[in-house]
Amino acid sequence: MLRSIGRLFIRKKAHFLSGLVLLVIVASIAVITRGENDGVKGVFKVPLQEVDTLQDVETPQEVDTPQDVKTPLHEVAPYENVIKYLRDERHLTEENSKVFSKEPGKQDITDILDFDRDHLKVIYQDMIDTVYKNTDLDGVDWEKLAYVFYATSESHVCNVLMKFAELRNYGSRAQFELLIGRHLMDEAKKPALYKQLTDFAKQHKVIFKPVDVIHMEGGPEVIWENAFTKLLVFNETQYDRIIYMDSDAVLPNGHMDELFFVPPCRLAVPNGYWLTESLLHNKAERYNMKDYGFVPMTTEQRQAKIDEMVKTNITAFLDPNTGKLPVFKNGKAPLKDRVNEKNFYTNLFNSLPNDPVLDEYQLTDFLMVIQPSPELFARVQHSLDIRTTEFDMDLIQRHVFPPQPCLDMQKESGQKDLTYDDRLGEVPEMIVLPHSTYAVLTMDLNRRDNHDMLMADTQDLAFMMQRPEKPSEDVHWYWEIDHLPNLADIIYDNVKYLHFSDHPIPKPWFKKDIFNGYMGARFRCPSHPDFSSTDGRVKPRWTINDCGLGERWERAHEMFAKSRKDVCGLDLIETDKDTYVEIVN
């Protein structure tokens, strides 16, 4: 074939250099074609138009390029066959990755890529958002995805209804369910509440499920004694995935449907960074930055790293025709599609950064993304059986999802002789969500003048506290934002879940007494009117240069009060009691 083309060039007296370029092109086609036929993978994957870089070379007019030979960028589009793409383009082999096959010894689209069982993974917000924005949401089975809350008192019920109204107004497409204390659904004893609930259920499409309240005594603050009822959400197995959140919060910037599409795992949860901070306070030096390979980054460097991860592990798998990812969230999809989806997610999971400091890791349970199952609920029940005086969050941290034992379980399961279907349904134990989006406390707006812990990624917390050396004074690491003029915007505009935590200032459904000493527990800028007031109100105890943070805090409380009035018709509760010690929520 090559000799014939050569003779044709001579006969037509084509320019020598043009002939040479065409020879390279045709030779490449021949090698690719032979490689495909012989089972050789990964040979010459360059598009034809990228070969000719000589702009002054004429193309012979008399030579017809074979129309039936094409050189695609990939032998198989990544969207169509994730596992094959990873083998061909990312050098996935049996030596560097484990794969479970439906038919051992035969490579197939139904081969299942194994997940990293050795590390606790942390996901970036940009990755969560990119997956969500590029998923075919109309094809998702939303009946299997739900926001689930619990309520054990009338005040608690109103808080939940407010969250449902916020989520629905933001356009959430998921199911809404409330696990409500059975005593609150007694029409004979509470007719007004019963009517309010039934009317609300019709308007916002909410399922109310009466349950027995789990009441646990033993802690110093009675407000939390019914909080163990939340653990029942782990048993809502009619759903594939649940977003649970405590209702003493506001949602400033939209719903959280994107969390349904984080890589599958039993639990995705933010880090309790304020707890980790106290644990690391006197221990950070034990985590030597060089030993862990930690390299601090500026905001620009961090963003460039994340952009590359998104490009390599998410957008590379977009369908060129639809712009969508191979994500279906639909159990009725064909097997090959479900496996393809699993492999996409597993590859993404494996690419995530590791949290290297498990000994000091502290999760929080006021927002959890759960894949409920009987086995998981059995763990929860066992934790209740062996509880002494721990709070609900302590039970989950110590007994249900202790980080290192969870990794040990993953590794052990990887060695078991499980069926193909079991492997298809197997998921990692945990993923850590970004706390600066999904676990921000109101005290970060009200009582902090340093926000490094809030802004640092979970995997960097131990090293950030060691204050890495800077190349010059004008360099700021990505977590250092307190010097910026738009500090309040940077923090508040990124928050999806703002949790009210202002002790000793009461929770937001109680009216604040501006003459009570607890109102001193505030940072405010010097121009705040409370500093110059003469009516006897308690002045803020501390000053901070930024005025916006205090304004956002006051806005959050006003937002809560307005929503309470609009949704429930209720004013704030006035009381002289200590709302943390004397009133059960």
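FYI, it's all coordinate maths here, none of it is from the lab. Just so it is clear, the structure is predicted and the values come from calculations on it, not from any experiment. Neighbour counts run over all protein chains shown; Cβ positions are idealised from the backbone, glycine included.
Were the residues from GLU551 through LEU384 laid out at 0.36 nm apart, the gain over their Cα-Cα distance would be 56.0 nm.
What nm value, rounded to one decimal, do you get for the distance between GLU375 and LYS332 when each label is placed 7 Å out toward the C-beta? Rounded to a tenth, the inter-label distance reads 2.8 nm.
Close amide-amide hydrogen proximity is noted between LEU363 and GLY272, each under 5 Å apart and 5 or more residues distant or on a separate chain (H modeled in the peptide plane; Pro and chain starts excluded).
For the residue pairs LYS121/LYS144; LYS121/LYS329; LYS121/LYS342; LYS190/LYS230; LYS230/LYS283; LYS133/LYS470, the alpha carbons lie more than 27 Å apart in LYS230/LYS283; LYS133/LYS470.
Here the mean projected area of the convex hull built on the C-alpha positions of region 131-284 is 11.9 nm².
Using the average count of surrounding beta-carbon atoms within 10 Å as a protection proxy, the listed peptides 172-179, 305-312 rank, highest first, as 172-179, 305-312. Projected label points at GLU154 and HIS91, each 7 Å from Cα along the beta carbon direction, are separated by 6.8 nanometres. With a Cα cut-off of under 15 Å and a minimum spacing of 8 residues unless on different chains, the lysine pairs in region 502-585 number 8.
Proximity of backbone amide H atoms, modeled 1.01 Å from N, is registered between MET430 and ARG266, LEU267 at under 5 Å, excluding neighbours fewer than 5 places apart on the same chain. Taking one equal scatterer on every alpha-carbon of region 502-585, how large is log10 of I(q)/I(0) by Debye at q = 0.17 1/Å? At q = 0.17 Å⁻¹ the computed log10 ratios are -0.78. A Förster radius of 60 Å, combined with the Cβ-Cβ distance separating ALA304 from LYS511, puts the computed FRET efficiency at roughly 0.80. Stretching ASP126 away from THR322 to a fully extended chain increases their span by 68.5 nm, per 0.36 nm per residue minus the current alpha-carbon distance.
At an R0 of 30 angstrom, the distance between the Cβ atoms of SER101 and VAL295 translates into a FRET efficiency of 0.20.
Normalising the average separation of contacting C-alpha pairs (under 8 angstrom, six or more residues apart) by the number of residues puts the relative contact order of region 497-584 at 31 percent.
Across region 133-177, Cα-Cα distances exceeding 17 Å account for 42% of all pairs. A Förster distance of 51 Å, applied to the separation of the beta-carbon atoms of LYS283 and ALA201, puts the FRET efficiency at 0.55.
Label-to-label distance for HIS183 and ASP359 is 4.6 nm, based on points extended 7 Å past Cα in the beta-carbon direction.
Each residue of region 536-550 was assigned a 3J(HN,Hα) from its phi angle through the Karplus expression (A = 6.51, B = -1.76, C = 1.60, θ = phi - 60°), giving x, 5, 6, 7, x, 7, 10, 10, 9, 5, 6, 8, x, 5, x Hz with x at Gly and Pro. Excluding residues on the same chain fewer than 8 positions from LYS195, give the aspartates and glutamates whose Cα lies under 14 Å from its Cα. By straight Cα distance, LYS195 reaches GLU154, ASP186, GLU187.
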